[in-house]
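Colleague: Submitted below is the structure of interest, expressed as C-alpha cells.
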Amino acid sequence: MNSVNLKSTGLNSVGLKKTLLILNNALLFLCASIYLGTGWSLLLFSFPIAPQLTVNNYYMQFVPQVTLATQFFTYMTTLMIILAVVMLIAEWKSALRWVPIIVLAGILLATGLTIVVILPLNDLMSKGITDPVQLKSILNEWIFLNKIRVGLWTIQWLSMMVYFAYYVYIAGAEQ
C-alpha cells in the first residue's frame, strides 16, 4: 500500500491546517455570495414586478421558487454557521476576528428574521390568497422584510470581501 508522505507534497500539519482554513473560509465566502446574488436578484428583477401580481398569477411566480429556496437555504445556513464558527476560532486572536463575528451575527439575524416573520408570510401565500387587498398587504410586508434581509446578506458578503482583500493586500505588500 502506498502511503502519502506529507513532507514530500509540501503539506506538513501546519500547511494542511492553513489549506483547510482557506477552504473553510472560501466556502463561507461562496455561501455569502450565493445569498448576495439571490437577494440582489430579488431586488432588481422580482420586486419590480410585484405590482403586476394578482390572486390569479402570484402563486406560480412566487410559491414554487420560494419553497425550493427555503429548502436549499436551510442546509446552506446550517453549513454557514459551522464554517463561521470555525473561522471565528481560527481568527480569535487576530484583529480579523471581527469578520466572522459580523458574518455570524448576520447569519443569525437573517435566520431569525426568516423564521419568525418571513416564513409565516410564505405559508400564507402557499395556502392560496384570494383577496387582492390581502395579497397586496402580504407582498408589501414580504418585500420590506426581504430588503432588510438582503441588507444583512450584503453585510455578510462585504465582511468576507474585507477578509480576503486584506490577505490579497498583504500578499501584494510582500512582493
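Colleague: Expressed as a whole number of Å, what is the distance separating the alpha-carbon centroids of segment 35-92 and segment 112-175?
Modeller: Value for the Cα centre distance between the two parts: 7 Å.
Colleague: Here is a further query. What number comes out for the charge environment of residue 118, summing +1 per Lys or Arg and -1 per Asp or Glu over other residues with Cβ under 14 Å away?
Modeller: Every neighbour counted, the sum reads 0.
Colleague: Next question, about the same structure. Exactly which trypsin sites (Lys or Arg not before Pro) in segment 53-143 are in a DSSP loop and have at most 16 other Cβ atoms within 10 Å?
Modeller: Answer by residue number: 93.
Colleague: Now for a separate question. Where in the chain are the helices, taken as whole DSSP H runs, whose Cα atoms extend 24 angstrom or more along the long axis and whose Kyte-Doolittle mean reaches at least 0.5?
Modeller: Taking the DSSP H segments of the chain (at least 24 Å long, mean hydropathy at least 0.5), we get 13-41, 58-91, 132-173.
Computed from the coordinates by the stated procedures, all read-outs in this text should not be read as laboratory data. Treat the numbers as computed from the prediction; the structure is a model and nothing was measured. So basically every Cβ, Gly included, is an ideal-geometry build from the backbone, and we count neighbours across all protein chains shown.
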